[in-house]
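**Q** One structure, pasted below without further comment.
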Amino acid sequence: MSASALRVAWVYPDLLSTYGDQGNVLVLERRARQRGLSVERLDIRSDQPVPTSADIYLVGGGEDRPQRLAAERLRRDGGLQRAAANGAIIFSVCAGYQILGREFVNDLGQREPGLGLLDVVSVRGEGERCVGDVLADIDPSLGLPELTGFENHQGVTHLGPGVRPFAHVRTGRGNGTGDGTEGAWRETVFGTYMHGPVLARNPKIADLLLRLTLDVSALTPIDERWYEALRAERIAAATQTA
Ligand code: GLN
């Protein structure tokens, strides 16, 4: 981590912010500040270069056309790939998750190259769009409580041997392959289909990103009552619709 402030880059708010993704930035910033960390927030619009100096990169969800434009610009720019090669922490949601993969099917029905930061390939699902509340168990090796989120995607994502499933669904569709997997991760790069915004509903994931940045195993406990109330409500909603 850089000596002065924790640098959080929000990648392409002009293209990838359809699903309240700013909430993820706000939660991460707030939980860092509550631990006495100063935060420098970088909102990187799609006409700006992606800096390689940030500690954490957040890449949000988007509709099909903005998703293609974002992928084209990120490929051309190369900053996110360079940051990843330097070991940056990257957390991506839905369209952002698909873009981080090897390939996805774009709004023109064509195979579009991704950034190759996650060993996943997304295709267009033939069935109904995956929409609704999700409850899932996160990879036990990450030591996190159950995942709650809202999914809304047509894409179906197949995982290769270079990644592990981020979670396994109890209710909902996740990657949409029928094998129960949801999202993918390797080392410090994460992808999920969960909106919500996902860090508001799962603040311990924000803490995981902070712990990875600081290279510590624990953070000072903070007041979780608001988050717990939200989690309880959404977990009940996912269970009722199951
Ligand atoms: N366009 C992608 C899909 O439908 C991603 C949608 C999203 O980000 N919610 O699969």
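**Q** Once label points are set 7 Å from the Cα along Cα→Cβ at both Glu40 and Glu233, what is their separation, rounded to one decimal in nm?
**A** Taking the two extended label points, one gets 3.6 nm.
**Q** Hey, quick one: spin label on Ala218, modelled 7 Å out along Cα-Cβ, who in segment 17-46 has an amide N within reach, i.e. under 18 Å?
**A** Taking a point 7 Å out along Cα→Cβ of Ala218, the residues of segment 17-46 whose backbone N falls under 18 Å are 35-36.
**Q** In whole angstrom, how far apart do the alpha carbon centroids of segment 2-73 and segment 128-194 sit?
**A** Cα centroid to Cα centroid, the span is 21 Å.
**Q** Over segment 108-242, what percent of the accessible surface lies on carbon and sulfur atoms, probe 1.4 Å?
**A** Values: 3260 of 6180 Å².
Carbon and sulfur together cover 53 percent of it.
**Q** For labels at Glu63 and Arg33 in the simple 7 Å Cα→Cβ model, what's the distance in nm?
**A** Those two pseudo-labels are separated by 3.2 nm.
**Q** Could you give the Stokes-Einstein D for segment 113-242 in µm² per second, using the C-alpha Kirkwood radius, 20 °C, 1.002 mPa s? Mind showing how you got there, number by number?
**A** On the way: Rh = 15.3 Å.
Estimated diffusion coefficient is 140 µm²/s.
**Q** Per residue, how much accessible surface does the chain expose to a 1.4 Å probe? Answer in Å², no decimals. It would help to have the intermediate numbers written out before the result.
**A** On the way: 10270 Å² over 242 residues.
Accessible surface, normalised per residue, equals 42 Å².
**Q** What is the spin-label model distance, in nm, from Arg75 to Glu146 if the labels are put 7 Å beyond Cα along the C-beta direction?
**A** 4.0
**Q** Taking 2.2 N^0.38 Å as the expected size of a compact globular protein, what ratio does the Cα radius of gyration of segment 12-61 give against it, to two decimals?
**A** Details: Rg = 11.5 Å, N = 50, 2.2 N^0.38 = 9.7 Å.
Dividing the Cα Rg of segment 12-61 by 2.2 N^0.38 Å gives 1.18.
**Q** Helix-derived [θ] at 222 nm for the chain: sum -39500 (n - 2.57) over DSSP H runs of at least 4, divide by residue count, nearest 500?
**A** Details: 7 runs with 72 residues, N = 242.
Result for the chain: -9000 deg cm²/dmol, rounded to the nearest 500.
**Q** So for segment 1-77, averaging the separation of alpha carbon pairs under 8 Å that are six or more residues apart and normalising by length, what relative contact order in percent results? Kindly include the intermediate steps, with their values, before the conclusion.
**A** On the way: 111 pairs, mean separation 37.3, N = 77.
Here the relative contact order equals 48 percent.
**Q** I want to verify the translational diffusion coefficient of segment 141-192 in µm²/s; compute it with Stokes-Einstein, Rh as the Kirkwood radius over Cα pairs, at 20 °C and 1.002 mPa s.
**A** Values: Rh = 11.5 Å.
Stokes-Einstein gives a translational diffusion coefficient of 186 µm²/s.
**Q** Kindly sort Ile222, Ile99 by accessible area of their heavy atoms, largest first, with the probe set to 1.4 Å. Kindly include the intermediate steps, with their values, before the conclusion.
**A** Values: Ile222 35, Ile99 0 Å².
Putting Ile222, Ile99 in descending order of accessible area: Ile222, Ile99.
**Q** Let me check against my output: what whole-number percent is the relative contact order of segment 99-200, with C-alpha pairs under 8 Å and at least 6 apart? Please list the in-between numbers first.
**A** Working: 247 pairs, mean separation 24.4, N = 102.
Once divided by the residue count of segment 99-200, the mean separation gives 24 percent.
**Q** Give the average over all directions of the projected area of the C-alpha convex hull of segment 79-170, one decimal, in nm².
**A** Hull-based average projected area comes out at 6.8 nm².
**Q** With a 1.4 Å probe and all protein chains kept in place, how much accessible area does Val123 have, in Å² rounded to the nearest 10?
**A** Here the accessible area works out near 60 Å².
**Q** Which three extents, in whole angstrom, do the alpha-carbon atoms of segment 40-81 cover along their principal axes, largest first?
**A** Its Cα atoms span 29, 19, 16 Å along the three principal axes.
**Q** Moving to a separate point now. What number, in percent, do you get for the relative contact order of the chain if the mean sequence gap of Cα pairs under 8 Å and at least 6 apart is divided by its residue count?
**A** On the way: 549 pairs, mean separation 45.6, N = 242.
Normalised by residue count, the contact order of the chain is 19 percent.
**Q** Same structure, new question: Can you tell which of Phe166, Met194, Ala95 lies farthest toward the positive end of the dipole of segment 69-219, using +1 and -1 charges on the Cβ of basic and acidic side chains (Lys, Arg; Asp, Glu)?
**A** Ala95
**Q** Where the convex hull is taken over the Cα atoms of segment 167-215, what is its projected area averaged over directions, in nm²?
**A** If I average the Cα hull's projected area over directions, I get 3.7 nm².
**Q** Could you give the C-alpha radius of gyration of the chain expressed as a fraction of 2.2 N^0.38 Å, taking N as the number of residues it contains? Could the numbers behind the result be given before it?
**A** Details: Rg = 16.5 Å, N = 242, 2.2 N^0.38 = 17.7 Å.
Relative to the rule-of-thumb radius for its length, the chain sits at 0.93.
The values are calculated or read from the model by the stated rules, or taken from the named source; none is laboratory data. Every value quoted in this text rests on a predicted model; they were computed, and no experiment measured them. Don't worry about glycine lacking a Cβ; one is built from the backbone with ideal geometry, like all the others, and counts go over all protein chains shown. Note: areas computed on protein heavy atoms with side chains; ligands, DNA, RNA excluded. Shrake-Rupley method; radii C 1.70, N 1.55, O 1.52, S 1.80 Å.
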